[in-house]
Amino acid sequence: MPSRKPVTSASSCFWMSLKHLVVLSSLCSLISGYSESDRVRDLMTRYPLIDGHNDLALQLRIFHNNRLSQIDLQNVSKLATDITRLHAGHVQAQMFAVYVMCGAQEKDAVRLTLEQIDVVRRMCTEYQDFELVTSVQELTNSEMRRKIGCLISIEGGHSIDSSLAALRMYYQLGVRSMALTHTCNTPWAESSSKLYNVYQRQNNSLTHFGKAVVEEMNRLGMIVDLSHTSWDTALAVLKHSKAPVIFSHSSSYSICNHHRNVPDWMLHQLKKNHGLIMVNLHSNFISCRDEANISHVAEHFDHIKKVIGAESIGIGGDFEGAVRFPQGLEDVSKYPALIQELLHRNWTENELAYVLRGNFLRVFVEVERVRDQLHSNLPSEVQIHLKEVQNPCRMVLRPPDQRQQPSDRNSSFRAQHGPKGLLILAIVLLLSSIFMIE
């Protein structure tokens, strides 16, 4: 693996400057007598949030069948996300999930995925507050223009139908991240969930084709997302990926022992990868119960910070994808309350600046650096073996057998349709010849 030293040294000046600016601002705040809420607002104005996961597109499908003309995204009272509350929560960039149910895996997952990409792209171009972004530079520019940057992430590798060509086409449409699984295994990667009894394998949590998916994502500059994968798959990816990876919406297993969360030993592997865990706010992943509060959420941040440091932490709320959220964090406007709680727990403004956006930007920069390093590599032509896919809907293209004689074909037709079938065929041929003569 190539050395990471040039990246670290090249970016060190930026992070040193960021640290000095935060310290200077903190001193000014203390001198002027800001309240705690003023301090939070000032911090989040200077370092607005990049949120790793939101399922608004799923709710648009459920409630409106993706008809944007039926809804005003400025104010959506029945959801936890709208433009007004994104601004109130100082969310400057949002990773919008493109999700289709696992039941579509052997059916029309690709079509449904394209429709969800379409609705995110339309949403982020038809509303002036939004701006579709596909690179670090565009993300930085969107902040300068005071836009909410839209990043597109596919939630579940079943969306590519085991095709690297489909993966590449999604990238062309603006997708910049993909979770390798959702709640179902794919033919090449393993889910943390046992909800679907499909593609069961022993001691092969990331197949040869699965490694090819990771390699192609590295080559494209697409962020690998390990939320929803099994621990074995996640570990295999962490060892294989040339670029940092993320858990876009997962929390600490030591605080809440849910299979969707990340154990400490995995956090150490993530640290070696220079990756990022973006803490999920779903109550059942926070307290392992239906009810939770902001203090419970902060315990996850405190624990992960203790294990691998603040430089490996982000926020991935999971609004619109989960149904229960902690008291005080009911929608996207409430993020300042979480930052205030972390300040109470002696998190520095410098650490929180990284959590809010700096850590994600660092990962994205490195993903693009690896992409640039691999620019001379041709697109992968690895194909999955048909026996691994086991999909009855997948057409197998074969050239016609030239050795088969017409009499053989008639024999085959007779075997399938019997004497009556041959009579019908003769009549059809006779009628065809009559019309041709006329």
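The values are calculated or read from the model by the stated rules, or taken from the named source; none is laboratory data. Since the model is a prediction, treat every value here as computed from it, not as a measurement. Here the Cβ positions follow ideal geometry from the backbone for every residue, glycine too, while neighbour counts run over all protein chains shown. SASA here: full protein model, heavy atoms, side chains in, ligands and nucleic acids out. Shrake-Rupley method; radii C 1.70, N 1.55, O 1.52, S 1.80 Å.
With r as the distance between the Cβ atoms of HIS385 and GLU330 and R0 = 45 Å, compute the FRET efficiency 1/(1 + (r/R0)^6) and round to 0.05.
Once the sixth-power term is evaluated, E becomes 0.40.
Which entries in LYS272/LYS306; LYS147/LYS272; LYS78/LYS334; LYS239/LYS387; LYS242/LYS306 show an alpha-carbon gap greater than 22 Å? Walk me through the numbers before you get to the answer.
Values: LYS272/LYS306 15 Å; LYS147/LYS272 34 Å; LYS78/LYS334 16 Å; LYS239/LYS387 26 Å; LYS242/LYS306 26 Å.
From LYS272/LYS306; LYS147/LYS272; LYS78/LYS334; LYS239/LYS387; LYS242/LYS306, over 22 Å: LYS147/LYS272; LYS239/LYS387; LYS242/LYS306.
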- Computed over the Cα atoms of segment 53-187, the Rg and Dmax in Å are 14.7, 43
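Calculate the tail of P(r) for segment 356-399: the fraction of all Cα-Cα distances greater than 13 Å, expressed in %. Please report the intermediate quantities before stating the final value.
Numbers: 688 of 946 pairs.
For segment 356-399, the share of Cα pairs beyond 13 Å comes to 73 percent.
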- Task: Distance from a point 7 Å along Cα→Cβ of ASP290 to each backbone N in segment 303-330: keep the residues under 20 Å and list them by number.
- Result: 319-330
- Item | Amide hydrogen neighbours beyond the local backbone of LEU132, cut-off 5 Å, H modeled | CYS150
- Message: Please report the equivalent ellipsoid semi-axes of segment 263-381, computed as sqrt(5 x eigenvalue) of the Cα gyration tensor, largest first, in whole Å.
- Response: 29, 17, 14
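Could you look at segment 261-361 and say what percent of its accessible area is carbon and sulfur, using a 1.4 Å probe and all protein chains? Walk me through the numbers before you get to the answer.
On the way: 1560 of 3270 Å².
That share works out to 48 percent.
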- Message: Need one number: nm distance between label points at HIS208 and VAL396, each 7 Å from Cα along Cα→Cβ, rounded to one decimal.
- Response: 1.8
